[in-house]
Structures are given as C-alpha cells and as structure tokens.
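Q: I'd like to ask you about the structure that follows.
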Protein chains: 2
Amino acid sequence: MSLISASLWVVATPLGNPGDLTPRAAQILQEVQCIFAEDTRRAGLLCSRLGLQAAKFISLYEQNESARIGQALSFLEQGFDIALISDAGTPLLSDPGYLLVKACREAGFSVRPVPGACAAIAALMASGLPPYPFYFAGFLPRKDGSLHSFFASLAPLSATLVFYERKNRLPHVLQIAHAELGEREFCIARELTKEFEEFIFGTLGKDEEKLDDLLGEITVLIAPPKETVRSEVEEVRQILEKLLQDGLPPKKASAEAKELVSGWTAKELYAECCKLRQDKKL
Amino acid sequence: MSLISASLWVVATPLGNPGDLTPRAAQILQEVQCIFAEDTRRAGLLCSRLGLQAAKFISLYEQNESARIGQALSFLEQGFDIALISDAGTPLLSDPGYLLVKACREAGFSVRPVPGACAAIAALMASGLPPYPFYFAGFLPRKDGSLHSFFASLAPLSATLVFYERKNRLPHVLQIAHAELGEREFCIARELTKEFEEFIFGTLGKDEEKLDDLLGEITVLIAPPKETVRSEVEEVRQILEKLLQDGLPPKKASAEAKELVSGWTAKELYAECCKLRQDKKL
C-alpha cells in the first residue's frame with residue numbers, strides 16, 4: 001500500500017448484507033499482510049462470501065488478545081499493514097480489539113478506521129426512537145443483580161439506551177429494565193440489513209411477551225423517559241398555529257398546547273405564541 | 001425496486017472518502033423516486049462525485065421537516081421508495097430526519113437502514129480510548145451555562161463521551177469539560193477517512209492549547225474517569241503471572257498488582273492469583 005508507515009486498519013464488515021461492504025474495506029482486506037479476527041474460520045468464510053482473496057488470518061479473542069499484540073507490533077515494525085475485523089459489523093464495539101488498538105497507538109503506529117455497518121447505529125437510524133443522545137452499553141451483565149444495578153444507574157439519564165443481547169433472554173432482561181426504568185418505549189431490531197430485517201416495538205411492562213421466541217443477535221433500544229423528550233419546535237408551532245387560528249387567545253392556546261407537547265414550559269409556549277402572532281399576523 | 005411495499009431508506013454516505021460508499025447505498029440512491037437531503041446542492045454534488053445518477057432531491061432541514069413529512073408520506077402511499085441522506089455520514093445522528101422516520105413508522109411504512117460511515121463510530125474504533133460503554137451527545141449546547149450543566153450531568157457516568165464540535169470553539173469547550181469532569185484523557189478526530197485524517201490526544205486541563213487552530217467538523221472523545229476503567233483480565237493475568245514467577249506469594253502479588261491495574265479489588269486479584277497458580281502450576 002502506498003503509505004509512509006505501516007498502519008493497523010480497523011475495518012467494519014457487513015452485518016449480514018454483502019452489499020454493505022465498502023470498496024475501501026474490500027481493497028484493504030485484500031492488500032494487508034494479515035487480518036486479525038475473532039474467529040478465523042468465520043473470517044475466512046466472510047471473505048470468501050464477499051469474493052475477497054484475503055491474506056492470512058490470525059485469531060484474536062478476549063483470552064489471547066494481550067499475547068497477540070507482540071505479533072501485531074512486529075508486523076508493523078517490519079512495515080507491513082495489518083487489519084482487524086470482527087465477526088460482523090464494527091470491531092471494538094462489544095468485540096475484542098481495544099487492547100490491540102491501544103497498544104498500536106502507544107507504540108506510535110497509525111491506526112485508521114474504515115467505517116461501515118454497526119448494528120447499534122443501524123438500529124438507531126431507522127427505529128423512530130430518539131436517535132440521540134444515546135448511551136451504548138455493549139452486551140449486558142449476566143447476573144440479575146448486576147442487571148438491576150446496571151439499569152438503575154442509567155435511570156436518571158435522558159438518553160436512548162442501546163445494547164446487544166443474545167438469544168432469548170430478552171423478555172427477562174426487559175422485565176428488569178421495566179422494574180428500574182419504568183414504562184418506556186422499546187424497539188428490538190433483528191436480522192438488521194438482511195432479508196428478514198425486523199423492528200419490533202413495545203412498551204416496557206406491557207409488551208415483553210411479544211418477544212419470547214427471538215433468536216440470533218438482537219439490538220435493543222430503550223427510549224428516554226417520556227417527559228424528557230422535548231417536542232420539536234416545528235411540531236409545537238404547528239399545534240399553536242392551529243389553536244390560534246381556531247381563535248384561542250395566546251394564554252389559552254399555550255395552556256392547551258401544554259397537554260399536547262412534551263418538555264415545554266407554559267412560558268416557552270406563550271413566547272412561541274407571541275412570535276407566531278407577530279410573524280404570521282394570527 | 002422489488003419490494004412488497006414502499007420504504008423509506010435511511011442511507012449513510014461517506015464522511016469524505018468516496019471509497020466508503022457501500023454498493024447497496026449506491027444502488028438505492030439511484031433507484032429511489034426521490035432523495036430527501038439537508039442541503040440539496042451538496043447532495044447533488046455528493047452524488048455526482050460518487051458517480052451516481054440520482055433522482056430528484058428534496059430539501060429537508062430542521063425548519064421545514066414537519067412540512068416535508070406529508071410530501072414523503074404521499075410518495076410512499078403511491079408506492080414509491082424514497083431515501084434520506086445527510087450531508088455526510090449517518091442521517092439522524094445530529095442531523096435532521098428523526099421526525100420523518102418517526103412519521104413513516106407511525107404511518108405503517110417500513111423504514112430500512114443502509115448503514116455506513118458514522119463519524120462517532122469511526123473515531124471510537126480507532127482512537128485507543130475505551131470504545132464502550134459510550135455516551136453520544138451530538139452537537140454541544142451553545143451557551144457556557146448550558147455547557148457547564150451538560151458536562152456536570154455526565155460527570156458520574158463511567159463512559160466515554162462522544163460529541164461533535166464545529167470550528168475553533170474547542171479549547172474553550174474542553175476547558176469547561178475540565179472544570180466539570182476533572183483530568184481525563186481526550187482524543188480529537190478530524191478529517192476522518194480523508195487524506196489528512198488526524199487523531200490528537202491529550203489530557204483535560206493540560207493540552208487544550210494544542211487545539212487552537214482546528215477547522216472543520218471535529219469529533220471529540222473524552223475517556224471515562226481513570227479509576228473506573230477496569231483493566232482487562234488478560235492484562236491483569238500477565239502482571240500477576242510475572243509477579244508469581246518472581247517468587248511472590250499470592251497475597252503479596254495481589255497487593256503489588258493492585259498498584260499496577262485499575263478497577264480491581266484486592267480480593268478479585270487474589271482469586272485470580274489462585275486460579276493462575278492452579279492453571280499454570282506457578
């Protein structure tokens with residue numbers, strides 16, 4: 001590769017749809033000296049499914065990551081580019097690789113992202129739940145006690161919560177979420193980017209039962225508490241405009257609007273009413 | 001498109017490197033009836049730079065988003081697929097589009113993510129800062145008072161903080177972050193995926209001055225407070241193994257290791273020592 005010095009390329013691969021591999025990712029995976037991957041057999045299958053003539057694979061998982069770092073650095077010291085991939089999606093986001101990236105940075109090598117699919121982001125961009133601010137947790141703790149404290153610690157946060165969950169532990173996890181977070185909307189995204197991509201919506205404390213037979217890796221979004229989702233200004237203006245057109249005085253219109261929007265004080269709504277009256281001569 | 005019913009396709013586009021456009025995104029942008037974009041002129045340039053013969057563009061920005069929803073729904077009702085893009089990267093993550101996605105979902109249409117580059121994720125995957133849990137804030141509040149309360153509210157969170165910042169307000173913002181969060185590591189990512197991609201590292205309260213002349217859109221990462229970054233088990237084991245090999249008894253090895261790792265209790269370290277002695281006969 002035409003690079004001044006060798007780099008570790010951190011390469012996102014598709015979540016399931018081969019059409020989501022970027023040309024740059026394909027090129028890099030074919031040109032590097034070797035590819036570090038969580039599961040070399042899966043990585044080999046992935047590359048052959050994507051039509052890539054890829055280099056040698058070296059396994060890198062939680063238990064051997066520290067040991068692999070020396071090997072990776074030695075490739076870089078010899079001037080060879082190397083890549084890191086995960087089984088699917090973006091490396092490091094709930095997959096191994098952080099120690100490797102950190103070590104390469106500390107040794108002064110460049111580490112370059114090759115962005116692509118990431119399940120958390122794919123879910124957020126299409127769910128219809130507030131896309132940000134959001135808190136991404138990776139996989140959840142195993143034990144019930146830890147799950148309770150995990151959700152309890154996030155309860156004050158006015159952000160969409162995003163995490164991954166395997167197999168059918170889901171109704172149970174969401175029951176614990178309900179106990180700690182109260183009645184919030186949730187969205188379950190599965191088979192993202194694939195033929196049977198599915199978004200399932202519900203409310204904590206009501207719809208957990210829908211989720212009994214889900215398989216595969218699942219991305220879970222939990223919306224922030226209702227009262228803190230502030231209605232968008234455009235939505236508020238439309239509501240106020242209608243109320244003013246109906247002949248309500250600003251004070252009454254603001255009071256009525258207060259029931260229809262969220263996160264706005266009466267004073268703010270009143271100010272918006274006055275602005276509207278001025279702008280549109282209502 | 002061979003779809004049972006019309007969909008809104010939420011399509012990620014490159015951050016700057018044309019090689020980051022996925023084949024699926026290219027195909028969809030060429031096949032949909034129209035593309036909703038924040039800035040239609042930029043969207044046109046983007047598509048022509050990417051070699052796409054794209055459909056008609058319709059502007060969608062914060063101030064007209066509610067008004068555009070009716071238009072979008074009417075395309076879908078007529079059976080036409082439509083797409084949503086932002087100026088660069090992943091729509092909705094600090095760009096308009098949330099109301100549109102929500103309205104399409106509420107009207108019962110399918111909304112499908114076409115994942116690709118996202119600046120926040122690109123920064124996280126290659127920075128060497130703890131990649132998760134992380135909290136993504138979008139763009140920061142404008143006023144100093146709000147900035148103070150923003151960082152103060154996130155101070156208890158043991159997560160990497162991610163946000164976007166425009167132009168050269170950065171030293172000032174990081175000074176406020178320092179006041180509320182204390183001495184944490186930070187990483188500034190700029191020109192992500194482009195030729196002059198750069199990651200700048202520093203510590204809050206020490207290195208803000210480095211950042212005086214940054215231009216363009218910037219992704220900022222702030223590491224969680226040091227004491228809560230728990231050392232990885234592999235790192236801990238290597239340290240303990242060395243201490244045991246040096247002849248220290250488990251209790252002394254644990255005590256010494258406590259100074260070298262973070263987030264581990266003496267009891268946990270002692271248990272790890274015992275495991276190591278059993279496994280490796282040290």
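The values are calculated or read from the model by the stated rules, or taken from the named source; none is laboratory data. These numbers come from a predicted model, not from an experiment. No Cβ is skipped: glycine too gets one built from the backbone with ideal geometry, and neighbour counts run over all protein chains shown.
Q: Exactly one of (1) among the hydrophobic types (A, V, I, L, M, F, W, C); (2) modelled with pLDDT of 95 or more; (3) more than 25 Å from residue B:186 (Cα to Cα) is unmet by residue B:67. Its number?
A: With respect to (1) among the hydrophobic types (A, V, I, L, M, F, W, C); (2) modelled with pLDDT of 95 or more; (3) more than 25 Å from residue B:186 (Cα to Cα), residue B:67 is out only on (2).
Q: Name the residue that is surrounded by the fewest Cβ atoms within 10 Å (Cβ to Cβ), counting only residues in region B:14-49 that are among the acidic types (Asp, Glu) and part of a helix (DSSP H, G or I).
A: Restricting to residues being among the acidic types (Asp, Glu) and part of a helix (DSSP H, G or I), the top hit is B:31.
Q: A further question on this structure: When you go through B:194, B:206 one by one, which is the residue that is touching a residue at least 40 places away in the same chain (Cβ under 8 Å) and not in a helix (DSSP H, G or I)?
A: Answer to the selection: B:194.
Q: Any idea which of (1) facing chain B (nearest Cβ under 7 Å); (2) touching a Pro at 6+ places or on another chain (Cβ under 8 Å); (3) buried (at least 24 other Cβ atoms within 10 Å of the Cβ); (4) closer than 27 Å to residue B:157 by Cβ is the one residue A:116 doesn't satisfy?
A: (4)
Q: Being of a type outside the set (Phe, Trp, Tyr), in contact (Cβ under 8 Å) with a residue 12 or more places away in the chain and farther than 22 Å from residue B:154 by Cβ is the filter here; which residues of region A:135-171 pass it?
A: Within region A:135-171, A:144, A:147, A:148, A:165, A:166, A:167, A:168, A:170, A:171 meet the criteria.
Q: Please go through region B:64-85 and pick out each residue that is of a type in the set (Gly, Ala, Ser) and either free of Cβ contacts under 8 Å to residues at least 24 places away in the same chain or not in a helix (DSSP H, G or I) (or both).
A: Residues satisfying the conditions are B:67, B:70, B:74, B:79, B:83.
Q: Given the condition within 14 Å of another protein chain (Cβ to nearest Cβ) and either surrounded by 15 or more Cβ atoms within 10 Å (Cβ to Cβ) or at pLDDT 95 or above (or both), answer yes or no: does some residue in region B:203-210 qualify?
A: no
Q: Further, regarding this structure: Kindly establish whether residue B:186 is aromatic (Phe, Trp, Tyr), more than 9 Å from chain A (Cβ to nearest Cβ) and crowded, with 20+ Cβ neighbours inside 10 Å.
A: yes
Q: Would you be able to tell me the number of residues in region B:150-200 that are within 19 Å of the chain's Cα centre (by Cα) and within 16 Å of residue B:225 (Cα to Cα)?
A: Residues flagged as within 19 Å of the chain's Cα centre (by Cα) and within 16 Å of residue B:225 (Cα to Cα) within region B:150-200 amount to 15.
Q: Please enumerate the residues belonging to region A:137-153 that are in contact with a Pro (Cβ under 6 Å, 6 or more places away or on another chain) and either of a type in the set (Asp, Glu) or within 27 Å of residue B:115 (Cα to Cα) (or both).
A: A:137
Q: If you scan region B:99-110, which residues turn out to be within 12 Å of residue B:9 (Cβ to Cβ) and within 9 Å of another protein chain (Cβ to nearest Cβ)?
A: Matches in region B:99-110: B:101, B:104, B:110.
Q: For region A:253-279, enumerate the residues that are charged (D, E, K, R) and out of contact with any helix residue (DSSP H, G or I) (no Cβ under 7 Å at 6 or more places or on another chain).
A: Of everything in region A:253-279, those that are charged (D, E, K, R) and out of contact with any helix residue (DSSP H, G or I) (no Cβ under 7 Å at 6 or more places or on another chain) turn out to be A:259, A:267, A:268, A:275, A:279.
Q: When region B:243-270 is examined, which residues are found to be assigned to a helix (DSSP H, G or I) and exposed (fewer than 14 other Cβ atoms within 10 Å of the Cβ)?
A: Across region B:243-270, the qualifying residues are B:245, B:251, B:259, B:266, B:267.
Q: Looking only at region B:88-116, count how many residues are of a type in the set (Val, Ile, Thr) and either under 24 Å from residue B:165 (Cβ atoms) or without any contact (Cβ under 8 Å) to a residue 12 or more places away in the chain (or both).
A: Number satisfying all stated conditions: 1.
Q: Mind listing just one residue for me: the one in region B:50-79 that is over 20 Å from residue B:92 (Cβ atoms) and within 14 Å of chain A (Cβ to nearest Cβ) and, of those, surrounded by the most Cβ atoms within 10 Å (Cβ to Cβ)?
A: Filtering first and then ranking leaves B:52.
Q: Here is a check on your reading of the model: is residue A:16 without any contact (Cβ under 8 Å) to a residue 12 or more places away in the chain and of a type in the set (Gly, Ala, Ser)?
A: no
Q: Continuing with the same structure: Does region B:89-98 hold any residues that are touching a Leu at 6+ places or on another chain (Cβ under 9 Å) and either on the phi < 0 side of the Ramachandran plot or more than 7 Å from chain A (Cβ to nearest Cβ) (or both), and which are they?
A: B:89, B:90, B:91, B:93, B:96, B:97, B:98
Q: Pick from B:95, B:144: which is modelled with pLDDT under 95 and surrounded by fewer than 21 Cβ atoms within 10 Å (Cβ to Cβ)?
A: Values: B:95 fails: surrounded by fewer than 21 Cβ atoms within 10 Å (Cβ to Cβ).
Selected residue: B:144, the only one of B:95, B:144 that is modelled with pLDDT under 95 and surrounded by fewer than 21 Cβ atoms within 10 Å (Cβ to Cβ).
Q: Every residue in region A:213-237 that is of a type in the set (Asp, Glu), farther than 22 Å from residue B:103 by Cα and either touching a helix residue (DSSP H, G or I) at 6+ places or on another chain (Cβ under 6 Å) or surrounded by 13 or more Cβ atoms within 10 Å (Cβ to Cβ) (or both), please.
A: Filtering region A:213-237 down to residues of a type in the set (Asp, Glu) leaves A:213, A:217, A:227, A:232, A:234-235.
From what is left, the residues that are farther than 22 Å from residue B:103 by Cα are A:213, A:217.
A:217 - this is the single residue of region A:213-237 that is of a type in the set (Asp, Glu), farther than 22 Å from residue B:103 by Cα and either touching a helix residue (DSSP H, G or I) at 6+ places or on another chain (Cβ under 6 Å) or surrounded by 13 or more Cβ atoms within 10 Å (Cβ to Cβ) (or both).
Q: So which of B:10, B:101 is within 28 Å of the chain's Cα centre (by Cα), assigned to a helix (DSSP H, G or I) and hydrophobic (A, V, I, L, M, F, W, C)?
A: Every option except B:101 fails the conditions.
Q: Determine whether residue A:86 is more than 9 Å from chain B (Cβ to nearest Cβ), touching a strand residue (DSSP E or B) at 6+ places or on another chain (Cβ under 8 Å) and farther than 25 Å from residue A:153 by Cα.
A: Working: more than 9 Å from chain B (Cβ to nearest Cβ): yes; touching a strand residue (DSSP E or B) at 6+ places or on another chain (Cβ under 8 Å): yes; farther than 25 Å from residue A:153 by Cα: yes.
Judged against the criteria, residue A:86 is a match.
Q: Return the pairs, sorted by first residue and then second, in which the second residue is in a helix (DSSP H, G or I) and among the charged types (D, E, K, R), the first residue lies in region B:119-134 and is within 14 Å of residue A:10 (Cβ to Cβ) and at the interface with chain A (Cβ under 7 Å from one of its Cβ atoms), the beta carbons are less than 6 Å apart, and the residues are 6+ apart or on different chains.
A: Hits for this filter: B:128/A:102; B:128/A:105.
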